[in-house]
Each structure stands twice: as structure tokens, then as C-alpha cells.
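The values are calculated or read from the model by the stated rules, or taken from the named source; none is laboratory data. Quick caveat, the model's predicted, so the values are computed rather than measured. All Cβ positions, glycine included, derive from the backbone under ideal geometry; neighbour counts span all protein chains shown. These accessible areas exclude ligands, DNA and RNA; they are computed on the full protein's heavy atoms, side chains included. Shrake-Rupley method; radii C 1.70, N 1.55, O 1.52, S 1.80 Å.
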Amino acid sequence: MSRPGISLRAMLVGVLLCGVIAVGLPYGEFVLNGTQMGLNSSTPAAFFLLFLLVALVQPILGLLRRDWLFTRAELLSIAVMMMITTAISARGFISIAVPIMTGVFYFASPENNWDGLLIPHIPTWLIPYSPQGIKAFYEGLPEGNPIPWGIWVEPLLWWLLFMAAFYLVVVCAMVILRRQWMDHERLLYPLTQVPLGMVEDGAKTSLVKPFLRNPMMWLGLAVPFVLHGINALSHYYEFISRINFAYSLPLVENTVRFYLRFDCMWVGLAYLVNANITFSLWFFYLLVKVEEVVLTRVGVFSTENLDIFSHTFEGPTMGILSHQTMGAMIVMVVLGLWTARMHLWEVLRHVWRRDHRSDGEELMGYRTAVIGLVLGLVVMSIWLWCSGLPFWAVLVYLFGAFVIFLALTRVIVEAGLAAAVQGMSGTGFLISSVGSSSIGVAGVLATGITLAWAGDLLVFMMAPCANGIRMLHGLARHKRRILVMIGMAMAIGLIGGVITILVIGYTYGANNFHGSWGWFAREPFRVAQNFALNPTGPNWEGWLWNGVGAVIMSLLVWARYNLLWWPFHPIGYLVSGTWILNSVWFSIFLAWLVKALVLKYMGPNGYKATRWFFLGMVLGQFVAGGFWMVVDGFTGMTGNRIRMF
């Protein structure tokens, strides 16, 4: 008989697996140049290791001794630990923060004059102030020389303080919103269906979970495993041809492009989502393509040059679409909080009320969550102010950044869009809204450095945190131990990830890392240099397009709640102007079409039966990526990459 609760053994296993992720993800990305198992908010590395734990380790433990089996609570707690570490130790923070911390010294040159233009504005506690130590990191240490850990201690401690405050805000916010999203609005949380399915027990306790005994699941898993296996083998054997899953069609003299791409993960996830959402995703994408063609034909362009994560340089109309997306996000978040006003008032009442409490099912009490939220925001604000942002600009920046985080998290937990991205970054929002001249060179530089944690949002902490809290719902009696496990997972991701990248850099030389490393390392300083030499005021045209997006989003929300026949979901419009829809819309369309046919001709029972196949497709992509990264690690093969976004 398995034990109730969460044992110390489970905590230790969680710590061990988080350590594997914190070391394995940077190694796989930068040494093997292989599959990036941390490159979307479904946290593929966590799903892969959970699969191994459930499919291999759990049956072996049961054969040896029945009471050695992990309980459902233990498996879920371990899974959430791995999800959190995955969201930190690669592109969620570490793989962007370290290049940003080192880039200004290494890439400074007489041509860009960063030495005179930018470096004097960077606080000495923010980055390692050692040009020689940074040069060794990029070019590799001479044999026998020790790693200069001393130059990293102070800046890393200050960054760890900031990230601890940020993650405190994230956890507290998701605890506060859990009941509104899960109980009141009944959002689906599609990304949790695979891990919840893997750990679910049947009517009778068995060594093998029902998920693993379902032949439809294995059939679905086999599809991506075989397809990606063929492409992986093509790296080993020249006679094996690679399968191409993507095609691009140019429109309007190559100024607009139309993409067709098949991806098993996206097909599987989209099949689990409500049909009106998937319909709206591909419909609004096609509508935006029409908008791009029309704007290009009539000569309406955006010439704004913000950071790469604001996507204003990716085409003549992308700046317009980015502003529309930002306006739509503001409306979505504001209206969402207004809808939740009764719940939020109830949460606030718990701060001073000691009786008639209703937070017993939450991972932390509402009073603790509110105090933690406020404390974290205060620490973040002071830190950003000390880094060079005027205090009023800190407030504008945090408003924009958390609008983006909350909007994308809502998209992920409702629409299952695991790699949802922003149209405009918090950095771009601030500079475009108020102008670079109002915050000065130091302010532009400080907001550029925030790209380390709020720039590339293919994976970000808030989404896995929201999904993790959903998965752990019902385990509040173990909340103290679970919160300790979450804290340990964050610490392992931050500390383990940084140490791993530093060791790899000083050993192999960061110049040998893949191309996006140098991209991230230069970007904050390229932006600061541009606006230092060409200061700007508020972009009123950008405000106009923000307003257009806000108005359209408001009308779509109104129609959804007031017109019973209205077929469009506002989320479709919100993400239609982001670059990720170029890559995934066709897979979403295929899933929508198959689901529509299944429901029409086979009914709800047909959907329930076929659902296992699509759960397998999602898991199969992660298993294929993890399997080949392990194989490549043993063989030394590099460049064998399965796309995870």
C-alpha cells in the first residue's frame, strides 16, 4: 500500500531531478546545440522526466516493494518542481540573463563607443566589472587557470534578490487568481492534462498507470517519435533524408509571408482546447494576414525601431501589429480584473479578517499572498529605481510588464498556446509610450537590461506556476512542504543554472554558443546606444494603434458576453498579431478540423476516445526530444535539434 502525503524521499527525488534539469538544459543547448527542452511554457524537460519516472521508475519500485511507490501527491509535487526549474534554468531566465550581464564589456568597440556612451551609466553592482574575466568567459580559460568566481558574487547576489522578489510576486498572484480562473471562470488549463493524466490511478491500484495502458496514447506518441526519429537519424546517416515540416509562401513582393507548418505537439494541444478558441486562433491569423497585405499595398508602415522582443523590425507592418496586441492585452487584463472584482475584494478582506476565512484550499493564505505580492513589488521597484530608471518610469514599466505576463498566462491556461509571446515587450512599451528622452540614457539602459527576465517570453515563470498550482489543487493539507519544494526548485534553477553556464563558458568559450547568445548579449546595449544617439519623444502613432487594438478587443469581449450566436473568442485576436501564430496556425487549424469532424460524426464519446491519441502526440514530441538529447550526449552529436515551439 502506498503512503499518504509527501515524503522526504519524494522531496529528495525532486531536488535530484531539478538538478539534472539545471545542468542538462544549458549543456544540451550550448554544448550539444541540441533540442531546447526548456523552450516553451509547457516545460518539455519536466514532462519527459515525469514520463520516465512514471513509466520506468515507478513500476520497478512497485516490483521491489509495494509501499515504495510514489503517491499521486508526490508525483505531482515532483512534476511541479521540475516545471519551475525548467522555466528558470534555460531561456526562462539564465540563458538570457548571463549574456546580458556580460555583453557590454565584451562587445564594446571603438565603433560603438559603449565604453564612453553606456558603461558609465551601469551600476557597478549590476554586472561583473572585469573585462578580463568576461573575455575569458567568451574565449575560454587557458588550461589550468581557475574560474574567477569572485567577479560574479556581488552582481549575482543582487540579481538573485530581484528574481526572488519577482518569483514571490508571481506565486502570490497565481494563488490569488487560482479560484477566479479555475472555479469561477472554469478555464481548461490544457497543458496540465498530460501530467495529470500520467499520474492518475484507476479503480484498482496497479504498477502501471491507466494512461500507460491505453493503446491510443501509445499510437499518438509513436507519430512524433517516429517522425522526429527519422530526422534525428539523418544527422547520423547521410542516406536518410530529412522530413521538412514547414513551407513558406511569399506575398506582396516578399514583404508579407504565409507559413504552413505541421507540428505534432501543437496539433495535440489544440485538440484539447475548446473549438471556438481554436477556430478564432486560425481565423484571426488569416484576417491579420489580410490586414498586412492591405496596409502594405496602401503604404501604411511602421518605422519604429525598438528592441527585438517588440518585433517592430520584422516587417513593415509588425510594429503596427505589436501596438495593437499591446492595446488588446491591456483591455484583456483590466476587464479580467474587473470581472474578478468580487473575488479580489474577498481576498483583500482576508488581510484584516480572521474569522470566516475561505482560503483553506489554497497553497498559501490570502493574507500571506497579498503581503507577499506587495513586498515583492516594493523590492522590484526599488531595485529597478537603483538600476537607473526614474521612479515614475518604474511604475509605468511594471504596469506594462505585468499586463503582458498576466495576458499571456491567461492565453496559456485558457487556449493552451504553450509558446504564446507578446507583441511588445515591457521595454518597448515604456520607450514607445513616454519617449527615450524622458528617461535618459541611464533609464533606457536600465529598461533594456530588464529583457533578461521580461524579454523572450517563449517560456516564463508565471505560466508554469499557474499550471502547477492547478495541478496541486486539493493538496493544501501538504502546503508547507509543497511551498518548500517550490522554493527549492527555484533556488536550484537559479543557482544551478548560473553555475552550469559559467562552467561551460569558461571551459568551451561562450563565443562557441549558438547564435542567439550573441544576439541577447548585444541587444540591451544596441537599444540604449540607438536612443542615446537618437533620443525620441512619445510615439503618438503607437498610441493610436494601441487604441485601435484596445477598441477592437473591447468590442470582441462585449460580443462574446452579450451575443449568444457570436462564434469568435477574443483570445484569437489578441495573439493574431504575434509572430508565433505564423508558426503554429496551420497545426491549430488541422486540430480544429479533425475535432469538428469527430464531434459531428462520432459525438462526445468519439472525442473522449480520440483524446488519448492527441495526449500521446503531445507527450511523444517531448519524449522524442529528451530521448535524442540523451543519445546525442553519449555520442557527442551536435546540432540535432527538435523544435519545441
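Observations, loosely collected:
- Label point of Asn276 set 7 angstrom out along Cα-Cβ; within the stretch 537-577, amide nitrogens under 20 Å from it belong to 552-576.
- For the stretch 81-110 and the stretch 130-180, distance of Cα centres in Å: 8 Å
- The label-point distance for Lys608 and Ala246, in a model that sets each label 7 Å from Cα toward Cβ, rounds to 3.9 nm.
- Placing +1 on each Lys and Arg Cβ and -1 on each Asp and Glu Cβ, with no other charges, gives the stretch 180-261 a dipole about its Cα centre of roughly 200 debye.
- Residue-span extension gain [Arg357 to Gln132] - 0.36 nm each, minus C-alpha spacing: 75.2 nm
- For the stretch 349-440, the square roots a ≥ b ≥ c of the C-alpha gyration tensor eigenvalues yield an a/c of 1.5 or more together with a/b not exceeding b/c, which makes the shape oblate.
- For the chain: rounded, prolate or oblate by the Cα gyration tensor [a/c cutoff 1.5]: rounded
- For Ile499, solvent-accessible area (1.4 Å; no DNA, RNA or ligand), Å²: 80 Å²
- Between Ile230 and Leu56, the FRET efficiency estimated from the beta carbon spacing at R0 = 25 angstrom works out to 0.55.
- Span-like helix ranges in the chain, DSSP H, alpha carbon extent 20 angstrom or more, Kyte mean at least -0.5: 8-26, 72-89, 150-179, 215-236, 275-298, 318-339, 366-387, 391-415, 515-533, 540-562, 580-601, 603-635
- Note on Asn534 and Tyr601: the extension gain reaches 18.0 nm, defined as 0.36 nm multiplied by sequence separation minus the Cα-Cα distance.
- Cleavage-rule hits (trypsin sites (Lys or Arg not before Pro)) in the stretch 128-215: DSSP loop, at most 14 neighbouring Cβ within 10 angstrom: Arg186, Lys204
- The residues of the chain present an accessible area of 39 Å² per residue when probed at 1.4 Å with all protein chains retained.
- Packing around the peptides 239-251, 479-491, taken as the average count of other Cβ atoms within 10 Å per residue, puts them in this order, highest first: 479-491, 239-251.
- About its Cα centre, the stretch 1-75 has a charge dipole of approximately 320 debye under the convention of +1 per Lys or Arg Cβ and -1 per Asp or Glu Cβ, with nothing else charged.
- Taking 7 Å steps out from each Cα toward its Cβ at Glu185 and Ser583 produces label points 2.5 nm apart.
- Taking amide H atoms as placed 1.01 Å from N in the peptide plane, the amide H of Leu251 lies under 5 Å from those of Val256, Arg257, Phe258, each 5 or more residues away in sequence or on another chain.
- For Arg341 and Leu593, the difference between the fully extended length at 0.36 nm per residue and the C-alpha to C-alpha distance is 87.0 nm.
- Within the stretch 531-617, chymotrypsin sites (Phe, Trp or Tyr not before Pro) in DSSP loop having at most 12 other beta-carbon neighbours inside 10 Å: Trp565
- Lysines whose Cα lies under 29 Å from that of Lys289, excluding same-chain neighbours fewer than 8 positions away: Lys595
- The simple Förster model, with R0 at 35 Å and r as the Cβ-Cβ distance, assigns Asp201 and Leu161 a FRET efficiency of 0.25.
- On the beta carbon distance between Val374 and Val630, with R0 = 60 Å, the FRET formula returns roughly 0.85.
- Tensor-based shape of the stretch 207-350 (alpha-carbon gyration tensor, a/c under 1.5 rounded, otherwise prolate or oblate): oblate
- Sulfur and carbon atoms: percent of accessible area, the chain [1.4 Å]: 68 percent
- Backbone N under 16 Å from the Val300 label point (7 Å along Cα→Cβ), restricted to the stretch 318-335: 318-328
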